[in-house]
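Take a look at the following structure, please.
The values are calculated or read from the model by the stated rules, or taken from the named source; none is laboratory data. These numbers come from a predicted model, not from an experiment. Cβ sites come from the backbone with ideal geometry, for glycine too, and all protein chains shown count toward neighbours. These area figures cover heavy atoms from the full protein model, side chains too; ligands, DNA and RNA do not enter into them. Shrake-Rupley method; radii C 1.70, N 1.55, O 1.52, S 1.80 Å.
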Amino acid sequence: MNKYRTRLRKILPAPALLSLPLLLLSLLYGCGASPEKPISKTTTLLDTIVRIDIYEKGSEDILDECIQKCADYERRFSRTQEGSEIYRLNHAGGAPVELSNDTIQLIRLGLKYCELTDGAFDITMGNLSDLWDFKNNPGQIPDTSQITETVKHIGYQNVVMDGNTVRLMDPEISVDLGGIAKGYIADRLRDYLEESGVRCALIDLGGNILAVGNKPDGAPFNIGIQKPFDELGSAIASVKADDCSVVSSGIYQRYFEVDGILYHHILDPTSGYPYENGLLGVTIVCDSSADADALSTSCFALGLPAGMELIEKTPGTEALFITDDYELHYSSGFDQ
């Protein structure tokens, strides 16, 4: 444990750790020379920067509708907004709560990955996330007894669904869909854009990238994968994206350092502490952004051997794992 943490400190000097505590995933997409300049809309929603670029057949009205849809999904999926569907579920005291179709679909998909990873990915970790509070925490490690008590109330098996009704059998657990919601929303935005006749667009929800079609000149988009802890946000690799999604999870996104030890936001639901498995990040490439979102966290949680095994048996899905020696590990079908 200490060897790994010491090594991380050598990778990133302490000043950089302190100055970039809220560094978000940076998948830098380059379009190269394209026949036409995109129309774009950027705003802050979903606790991140949302950007939509439309290259063909688009309009300002379509962009505005995309932003409105993001706001609507946030009002339903947010764990912290009072009155949201997930907020109501988490504060129902174990009583059944009727939810909208989108929220039901999202919870079902989340539970699928909970089961697939045997709980390494778990959508009931809201209280543990609150305890660590990596978004605002300047470097306060939770008390061990607090972590132990919080872990007792994590368990996706306590989420019981009956049609559009959901009940939390342990009223003290807290559903958190943050590990999959942005991907689901990106998929729904793609559906809307395609229905509106848009043939070429890029959806960026805080680094969750989804390419609608390809570039206007017919070439795929080139998505740069950020080099972990690089202060300039330079790319360590790139992905050719043609009508697919590219999503990454890594320890360099939200973290803090205490006494030379790095603590990051990808938490182990069993121990209550950040995962330590020699990985810096995982990038997933597949058609569904929701699947890519869930798999990026799931594969990080599983570690390189088990994570790669999962990818190799998942059709239409590729992955890049970055280990703490900055070595790149590609799945067999990854287009390099």
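Under 5 Å between amide hydrogens, which residues at least 5 positions from D217 or on another chain qualify, with H placed 1.01 Å from N in the peptide plane?
none
Could you compute the FRET efficiency for K57 and N101, with r as their C-beta to C-beta distance and R0 at 25 Å, rounded to 0.05?
0.35
Which percent of Cα-Cα pairs in region 32-129 sits in each 5 Å bin, short to long?
Taking all Cα pairs of region 32-129, the binned fractions are 2, 11, 15, 17, 16, 13, 9, 8, 5, 2, 1, 0 percent.
Follow-up question, since we're still on this one. I'd like the Karplus ³J(HN,Hα) series for region 226-240: coefficients 6.51, -1.76, 1.60, θ = phi - 60°, whole numbers in Hz, and an x wherever there's a Gly or Pro.
3J(HN,Hα) across region 226-240, in whole Hz: 4, 6, x, 6, 6, 5, 8, x, 6, 8, 9, 7, 9, 10, 8.
Something else now. Report, in debye and to the nearest 20, how large the dipole of the chain comes out about its Cα centre when Lys and Arg carry +1 and Asp and Glu carry -1 on their Cβ.
Result for the chain is approximately 500 debye, rounded to the nearest 20.
With θ taken as phi - 60° and the coefficients 6.51, -1.76 and 1.60, list the Karplus ³J(HN,Hα) couplings across region 187-202 in order, rounded to whole Hz; mark glycine and proline as x.
Running phi through 6.51 cos²θ - 1.76 cosθ + 1.60 with θ = phi - 60° gives 4, 5, 5, 4, 4, 5, 4, 5, 5, 8, x, 6, 9, 8, 7, 10 Hz.
Next up: Between S296, S249, S59, which gets the highest mean-square fluctuation from a Gaussian network model of the chain, Cα cutoff 10 Å?
S59
If you don't mind, another one. Just check region 218-331 against the gyration tensor rule for me: Cα atoms, a ≥ b ≥ c as the square roots of the eigenvalues, rounded for a/c under 1.5, and otherwise prolate or oblate depending on whether a/b exceeds b/c.
Details: a/c = 2.07, a/b = 1.39, b/c = 1.49.
Because a/c hits 1.5 or more and a/b fails to exceed b/c, region 218-331 counts as oblate.
While we're on this one: Which residue, L131, Y263, Q68, has the largest displacement toward the positive end of the dipole of the chain when charges sit on each Cβ (Lys, Arg +1; Asp, Glu -1)?
Y263
Name the shape class, rounded, prolate or oblate, that the alpha-carbon gyration tensor gives for region 162-287, where a ≥ b ≥ c are the square roots of its eigenvalues, rounded holds for a/c under 1.5, and otherwise prolate holds if a/b is larger than b/c and oblate otherwise.
Note, shape of region 162-287 comes out oblate.
Give the long-range amide H neighbours of V212: residues separated by 5 or more places, or on another chain, with amide H under 5 Å away, using H modelled in the peptide plane at 1.01 Å from N.
A201, L202, I203
Compare S145, S174, S288 in a GNM of the chain, Cα atoms joined below 10 Å, and give the one with the largest fluctuation.
Of S145, S174, S288, the most mobile in the Gaussian network model is S145.
Can you find, among N214, Q157, I322, the residue farthest towards the positive end of the dipole of the chain? Put +1 on the C-beta of Lys and Arg, -1 on that of Asp and Glu.
Working it through, the farthest residue towards the positive pole turns out to be I322.
I'd like the Karplus ³J(HN,Hα) series for region 290-305: coefficients 6.51, -1.76, 1.60, θ = phi - 60°, whole numbers in Hz, and an x wherever there's a Gly or Pro.
5, 5, 4, 4, 5, 5, 4, 6, 4, 5, 4, 4, 6, x, 4, x
Write down the Å³ per residue value for the convex hull defined by the alpha carbon atoms of the chain.
In the chain, the Cα convex hull volume per residue is 130 Å³.
Which links in K182/K313; K152/K227; K41/K112; K37/K182; K57/K227 stretch past 31 Å when you go from one Cα to the other?
Too far apart for the 31 Å limit: K152/K227; K41/K112; K57/K227.
Turning to a different aspect of this structure: At 0.36 nm per residue, and after removing the present C-alpha to C-alpha distance, how many nm does the segment from K112 to I261 gain when stretched out fully?
50.3 nm
Which is the longest part of the chain that has none of the GluC sites (Glu not before Pro) sitting in a DSSP loop with at most 12 other Cβ atoms within 10 Å?
Details: sites that count: E36, E82, E327.
So the longest stretch without any such site is 83-326.
A further question on this structure: Grab the Cα-Cα distance for D335 and T42, subtract it from 0.36 nm times how many residues apart they are, and report the gain in nm with one decimal.
Extending this stretch completely gives an extra 102.5 nm.
Oh, and also: Using a 1.4 Å probe, what is the accessible area per residue for the chain, in Å²?
Ligands and nucleic acids excluded, the figure is 42 Å² per residue.
Taking the Cα centre of region 133-268 as the origin, how large is its charge dipole in debye, to the nearest 20, when only Lys and Arg (+1) and Asp and Glu (-1) carry charge on their Cβ atoms?
Taking the Cα centre of region 133-268 as origin, the dipole is about 360 debye.
Of K240, K215, K112, which is the most mobile in a GNM of the chain whose springs link Cα atoms less than 10 angstrom apart?
Maximum fluctuation in the GNM of the chain, among the listed residues, is at K112.
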